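Below you'll find the structure, written out as C-alpha coordinates, and then a few comments.
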Amino acid sequence: METSVVASEVDKRVVIITGDKGGVGKSTFARGLLQLYINRGLNCLAYDSDKSNSQLYRHYNSAGLGVNLIDIFTRGGADDLMIDLDSKRPRLALVDLPAQARTFFEDFEKDLGVFDAVKSLGYQITMVSVVSRVKDSVNVLRLLFDYCGHQTNYVVVKNLFHTAGDETKFECYDDSETRKSVLEFGGVEILMPDLFYKAYDFIDRKNMSFGEVLTTNDPEVNIAIRSRIAAWMKTFEENALLASALLGLETDAGTQAA
(Lines give C-alpha, C1' and ligand atoms only; values in the text may rest on other atoms or scores of the structure.)
Protein backbone atom coordinates (compact mmCIF):
# COMPACT_ATOMS: atom_id res chain seq x y z
CA MET A 1 0.00 0.00 0.00
CA GLU A 2 1.24 3.49 -0.83
CA THR A 3 1.73 5.88 2.06
CA SER A 4 1.33 9.63 2.03
CA VAL A 5 4.19 12.07 2.33
CA VAL A 6 5.09 12.44 6.00
CA ALA A 7 4.70 16.01 7.25
CA SER A 8 6.87 17.52 9.95
CA GLU A 9 6.90 20.71 11.96
CA VAL A 10 9.38 22.42 9.71
CA ASP A 11 7.94 21.46 6.32
CA LYS A 12 7.53 24.18 3.75
CA ARG A 13 4.19 23.61 2.13
CA VAL A 14 2.06 24.58 -0.86
CA VAL A 15 -1.63 24.24 0.02
CA ILE A 16 -3.97 24.06 -2.99
CA ILE A 17 -7.73 24.46 -2.46
CA THR A 18 -10.08 22.69 -4.89
CA GLY A 19 -13.80 21.99 -5.25
CA ASP A 20 -16.24 20.47 -7.69
CA LYS A 21 -18.21 23.61 -8.57
CA GLY A 22 -18.85 27.21 -7.63
CA GLY A 23 -20.57 27.55 -4.26
CA VAL A 24 -19.10 24.40 -2.73
CA GLY A 25 -17.21 26.57 -0.20
CA LYS A 26 -13.59 26.29 -1.38
CA SER A 27 -12.96 30.06 -1.37
CA THR A 28 -14.58 30.41 2.06
CA PHE A 29 -12.20 27.73 3.33
CA ALA A 30 -9.25 29.46 1.64
CA ARG A 31 -10.20 32.75 3.31
CA GLY A 32 -10.50 31.09 6.72
CA LEU A 33 -7.16 29.31 6.33
CA LEU A 34 -5.40 32.48 5.20
CA GLN A 35 -6.82 34.25 8.25
CA LEU A 36 -5.29 31.57 10.49
CA TYR A 37 -1.91 32.05 8.80
CA ILE A 38 -2.18 35.81 9.38
CA ASN A 39 -3.29 35.38 13.00
CA ARG A 40 -0.29 33.12 13.67
CA GLY A 41 2.19 35.40 11.95
CA LEU A 42 3.19 32.73 9.44
CA ASN A 43 5.26 33.63 6.40
CA CYS A 44 2.74 32.98 3.64
CA LEU A 45 2.10 34.00 0.05
CA ALA A 46 -1.48 33.66 -1.23
CA TYR A 47 -2.72 33.24 -4.80
CA ASP A 48 -6.22 33.45 -6.28
CA SER A 49 -6.69 31.82 -9.68
CA ASP A 50 -10.50 31.94 -9.73
CA LYS A 51 -11.11 34.61 -12.36
CA SER A 52 -14.90 34.30 -12.25
CA ASN A 53 -15.17 34.67 -8.46
CA SER A 54 -11.95 35.99 -6.95
CA GLN A 55 -13.11 35.90 -3.34
CA LEU A 56 -9.71 35.42 -1.78
CA TYR A 57 -8.33 38.43 -3.68
CA ARG A 58 -11.45 40.54 -3.13
CA HIS A 59 -11.64 40.02 0.63
CA TYR A 60 -7.94 40.01 1.50
CA ASN A 61 -6.24 42.22 -1.06
CA SER A 62 -8.66 45.04 -0.18
CA ALA A 63 -7.35 44.75 3.38
CA GLY A 64 -3.78 45.30 2.14
CA LEU A 65 -2.78 41.66 2.64
CA GLY A 66 -1.27 41.18 -0.81
CA VAL A 67 -3.12 38.27 -2.41
CA ASN A 68 -1.75 37.65 -5.92
CA LEU A 69 -3.90 36.95 -8.97
CA ILE A 70 -2.68 34.18 -11.28
CA ASP A 71 -4.20 32.65 -14.41
CA ILE A 72 -3.79 28.89 -14.72
CA PHE A 73 -5.97 28.89 -17.85
CA THR A 74 -3.35 30.72 -19.95
CA ARG A 75 0.01 29.15 -20.64
CA GLY A 76 2.60 31.09 -18.67
CA GLY A 77 -0.07 32.83 -16.61
CA ALA A 78 0.89 31.09 -13.38
CA ASP A 79 4.67 31.17 -13.81
CA ASP A 80 4.90 33.86 -11.13
CA LEU A 81 3.84 31.30 -8.52
CA MET A 82 6.88 29.13 -9.23
CA ILE A 83 9.17 32.15 -9.56
CA ASP A 84 7.98 33.46 -6.18
CA LEU A 85 8.57 30.09 -4.51
CA ASP A 86 12.10 30.04 -5.88
CA SER A 87 13.02 33.67 -5.13
CA LYS A 88 11.05 34.44 -1.95
CA ARG A 89 10.98 30.98 -0.34
CA PRO A 90 7.90 31.58 1.83
CA ARG A 91 7.12 29.13 4.60
CA LEU A 92 3.68 28.59 3.03
CA ALA A 93 1.94 29.22 -0.27
CA LEU A 94 -1.85 29.11 -0.46
CA VAL A 95 -3.50 28.67 -3.88
CA ASP A 96 -7.26 28.93 -4.46
CA LEU A 97 -8.07 27.11 -7.71
CA PRO A 98 -11.16 27.82 -9.81
CA ALA A 99 -14.10 25.44 -9.53
CA GLN A 100 -13.75 22.27 -11.62
CA ALA A 101 -10.20 23.21 -12.61
CA ARG A 102 -8.80 19.67 -12.59
CA THR A 103 -8.05 19.52 -16.33
CA PHE A 104 -6.47 22.97 -16.31
CA PHE A 105 -4.42 22.04 -13.24
CA GLU A 106 -3.18 18.91 -14.98
CA ASP A 107 -2.12 20.95 -18.01
CA PHE A 108 -0.43 23.50 -15.74
CA GLU A 109 1.35 20.77 -13.81
CA LYS A 110 2.51 18.96 -16.93
CA ASP A 111 3.67 22.17 -18.61
CA LEU A 112 5.76 23.31 -15.63
CA GLY A 113 6.45 19.99 -13.95
CA VAL A 114 5.02 21.50 -10.78
CA PHE A 115 5.34 18.43 -8.56
CA ASP A 116 9.02 17.92 -9.30
CA ALA A 117 9.80 21.65 -9.26
CA VAL A 118 8.11 22.23 -5.93
CA LYS A 119 9.83 19.20 -4.43
CA SER A 120 13.21 20.47 -5.66
CA LEU A 121 12.59 23.70 -3.73
CA GLY A 122 11.92 21.76 -0.54
CA TYR A 123 8.12 22.07 -0.50
CA GLN A 124 5.44 19.48 0.19
CA ILE A 125 2.03 19.83 -1.47
CA THR A 126 -1.36 19.44 0.19
CA MET A 127 -4.46 19.17 -1.99
CA VAL A 128 -7.54 20.34 -0.08
CA SER A 129 -10.83 19.14 -1.56
CA VAL A 130 -13.96 20.87 -0.23
CA VAL A 131 -16.98 18.59 -0.66
CA SER A 132 -20.74 18.96 -0.50
CA ARG A 133 -23.46 16.31 -0.48
CA VAL A 134 -23.54 15.79 -4.25
CA LYS A 135 -21.89 13.04 -6.27
CA ASP A 136 -19.84 15.54 -8.29
CA SER A 137 -17.75 16.22 -5.19
CA VAL A 138 -16.80 12.56 -5.00
CA ASN A 139 -16.10 12.34 -8.72
CA VAL A 140 -13.79 15.37 -8.71
CA LEU A 141 -11.92 14.08 -5.65
CA ARG A 142 -11.51 10.68 -7.35
CA LEU A 143 -10.05 12.24 -10.48
CA LEU A 144 -7.77 14.43 -8.40
CA PHE A 145 -6.57 11.47 -6.34
CA ASP A 146 -6.01 9.33 -9.43
CA TYR A 147 -3.92 12.06 -11.05
CA CYS A 148 -1.88 13.29 -8.07
CA GLY A 149 -1.40 9.92 -6.40
CA HIS A 150 1.48 9.78 -3.92
CA GLN A 151 2.88 13.16 -4.96
CA THR A 152 0.70 15.13 -2.54
CA ASN A 153 -1.08 14.95 0.80
CA TYR A 154 -4.87 15.18 1.01
CA VAL A 155 -7.31 17.01 3.25
CA VAL A 156 -11.04 16.57 2.64
CA VAL A 157 -13.26 19.35 4.01
CA LYS A 158 -16.93 18.61 4.63
CA ASN A 159 -18.75 21.93 4.33
CA LEU A 160 -21.57 21.84 6.89
CA PHE A 161 -23.35 24.69 5.09
CA HIS A 162 -24.65 22.06 2.66
CA THR A 163 -26.14 19.88 5.41
CA ALA A 164 -27.52 22.51 7.82
CA GLY A 165 -24.78 21.56 10.26
CA ASP A 166 -25.44 17.79 10.20
CA GLU A 167 -22.14 16.01 9.52
CA THR A 168 -23.92 12.67 8.94
CA LYS A 169 -25.52 13.82 5.68
CA PHE A 170 -22.54 13.31 3.38
CA GLU A 171 -23.72 9.87 2.25
CA CYS A 172 -22.35 10.10 -1.31
CA TYR A 173 -18.88 10.79 0.00
CA ASP A 174 -19.00 8.72 3.21
CA ASP A 175 -20.09 5.56 1.39
CA SER A 176 -17.70 5.94 -1.52
CA GLU A 177 -14.66 3.89 -2.46
CA THR A 178 -12.95 7.22 -3.06
CA ARG A 179 -13.18 8.11 0.63
CA LYS A 180 -11.75 4.70 1.53
CA SER A 181 -8.83 5.16 -0.85
CA VAL A 182 -8.00 8.66 0.37
CA LEU A 183 -8.13 7.68 4.05
CA GLU A 184 -6.05 4.55 3.48
CA PHE A 185 -3.46 6.75 1.83
CA GLY A 186 -3.29 8.98 4.91
CA GLY A 187 -5.79 11.69 3.98
CA VAL A 188 -7.39 13.68 6.77
CA GLU A 189 -11.05 14.71 7.02
CA ILE A 190 -12.15 17.89 8.74
CA LEU A 191 -15.38 19.90 9.01
CA MET A 192 -16.00 23.49 8.00
CA PRO A 193 -18.67 25.05 10.24
CA ASP A 194 -21.78 26.65 8.83
CA LEU A 195 -21.69 30.46 9.00
CA PHE A 196 -25.10 32.11 9.45
CA TYR A 197 -26.10 33.67 6.15
CA LYS A 198 -26.65 37.20 7.51
CA ALA A 199 -23.08 37.46 8.77
CA TYR A 200 -21.71 35.83 5.60
CA ASP A 201 -23.70 38.11 3.32
CA PHE A 202 -22.62 41.19 5.26
CA ILE A 203 -18.89 40.56 4.92
CA ASP A 204 -19.41 39.54 1.29
CA ARG A 205 -21.12 42.85 0.57
CA LYS A 206 -18.43 44.83 2.42
CA ASN A 207 -15.47 42.84 0.95
CA MET A 208 -14.08 42.39 4.47
CA SER A 209 -11.65 39.77 5.72
CA PHE A 210 -12.66 37.68 8.70
CA GLY A 211 -10.01 39.40 10.80
CA GLU A 212 -11.12 42.85 9.71
CA VAL A 213 -14.65 42.20 11.02
CA LEU A 214 -13.21 41.59 14.49
CA THR A 215 -11.07 44.74 14.59
CA THR A 216 -12.90 47.38 12.54
CA ASN A 217 -14.60 50.46 13.93
CA ASP A 218 -17.20 50.34 11.16
CA PRO A 219 -20.52 51.10 12.89
CA GLU A 220 -22.32 48.67 10.57
CA VAL A 221 -20.45 45.78 12.18
CA ASN A 222 -22.84 45.13 15.05
CA ILE A 223 -22.26 42.85 18.02
CA ALA A 224 -24.25 40.00 16.44
CA ILE A 225 -22.10 39.97 13.28
CA ARG A 226 -18.86 40.30 15.23
CA SER A 227 -19.84 37.53 17.65
CA ARG A 228 -20.89 35.15 14.90
CA ILE A 229 -17.63 35.65 13.00
CA ALA A 230 -15.57 35.20 16.17
CA ALA A 231 -17.41 31.99 17.05
CA TRP A 232 -17.10 30.69 13.48
CA MET A 233 -13.37 31.39 13.37
CA LYS A 234 -12.86 29.64 16.71
CA THR A 235 -14.61 26.48 15.47
CA PHE A 236 -12.92 26.74 12.07
CA GLU A 237 -9.51 26.81 13.77
CA GLU A 238 -10.33 23.87 16.05
CA ASN A 239 -11.25 21.79 13.01
CA ALA A 240 -8.31 22.95 10.90
CA LEU A 241 -5.89 21.97 13.64
CA LEU A 242 -6.96 18.35 13.19
CA ALA A 243 -4.94 18.57 9.97
CA SER A 244 -2.39 21.02 11.35
CA ALA A 245 0.72 19.53 9.75
CA LEU A 246 -0.87 19.11 6.32
CA LEU A 247 -2.24 22.66 6.39
CA GLY A 248 1.01 24.22 7.58
CA LEU A 249 -0.36 25.21 10.99
CA GLU A 250 2.32 23.50 13.08
CA THR A 251 4.81 26.14 14.12
CA ASP A 252 8.16 26.49 15.78
CA ALA A 253 10.67 29.31 16.08
CA GLY A 254 11.70 28.80 12.48
CA THR A 255 8.24 29.22 11.01
CA GLN A 256 7.35 32.63 12.37
CA ALA A 257 7.41 35.60 10.04
CA ALA A 258 10.09 38.18 10.60
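The values are calculated or read from the model by the stated rules, or taken from the named source; none is laboratory data. What you see is a predicted model; the values in this text were computed from it and never measured. A quick note on method: Cβ atoms are made from the backbone with ideal geometry, for glycine too, and the neighbour counts reach across all protein chains shown. Surface accessibility is based on the protein's heavy atoms, side chains included, excluding ligands, DNA and RNA. Shrake-Rupley method; radii C 1.70, N 1.55, O 1.52, S 1.80 Å.
Ranking VAL128, ALA78, ASN61 by Cα position along the charge dipole of the chain, where only Lys, Arg, Asp and Glu carry charges on their C-beta atoms, puts ASN61 farthest toward the positive end.
Calculated on C-alpha atoms, the gyration radius of the stretch 154-258 divided by its Kirkwood radius gives an Rg/Rh of 1.05.
The figure for MET208 is an accessible area of roughly 10 square angstrom, using a 1.4 Å probe on the protein chains alone. Within the same chain, aspartates and glutamates fewer than 8 places from LYS180 are excluded, and of the rest, those with a Cα less than 14 Å from its Cα are GLU2, ASP146, GLU171, GLU189. Expressed as a whole percent, the accessible area of the stretch 30-102 that falls on carbon and sulfur atoms is 43 (1.4 Å probe).
Projecting the Cα positions of THR152, GLY187, ILE16 onto the charge dipole of the chain (unit charges on Cβ atoms of Lys, Arg, Asp and Glu, taken about the Cα centre) puts ILE16 furthest along the positive direction. From the largest down, the stretch 167-226 spans 50, 21, 17 angstrom on the principal axes of its Cα atoms. A Cβ-based charge dipole, computed about the Cα centre of the stretch 171-249 with Lys and Arg at +1 and Asp and Glu at -1, lands at about 380 debye. Listed by chain and number, the aspartates and glutamates placed with their C-alpha closer than 16 angstrom to that of LYS88 are ASP11, ASP79, ASP80; residues fewer than eight positions away on the same chain are left out. Between the stretch 135-178 and the stretch 104-134, what is the C-alpha centre distance in whole Å? Measuring centre to centre over Cα atoms gives 17 Å. Pairs spanning more than 24 Å between alpha-carbon atoms, out of LYS21/LYS158; LYS12/LYS206; LYS12/LYS51: LYS12/LYS206; LYS12/LYS51.
Measuring only protein heavy atoms, the 1.4 Å probe finds GLU184 accessible over about 90 Å². At a probe radius of 1.4 angstrom, the accessible area of the chain per residue rounds to 45 square angstrom.
Each Lys and Arg contributes +1 and each Asp and Glu -1, all at the Cβ; summed about the Cα centre of the stretch 58-159, the dipole is approximately 500 debye. So for the chain, Kirkwood radius off the Cα pairs, Stokes-Einstein at 25 °C and 0.890 mPa s: how many µm² s⁻¹? Approximately 133 µm²/s, per Stokes-Einstein.
Full extension of the chain between ALA117 and ASP175 yields a length gain of 17.3 nm, computed as 0.36 nm times the residue separation minus the alpha carbon distance. Rounded to the nearest 20 debye, the dipole magnitude of the chain is 520 debye, with +1 charges on Lys and Arg beta carbons, -1 on Asp and Glu beta carbons, and the Cα centre as origin.
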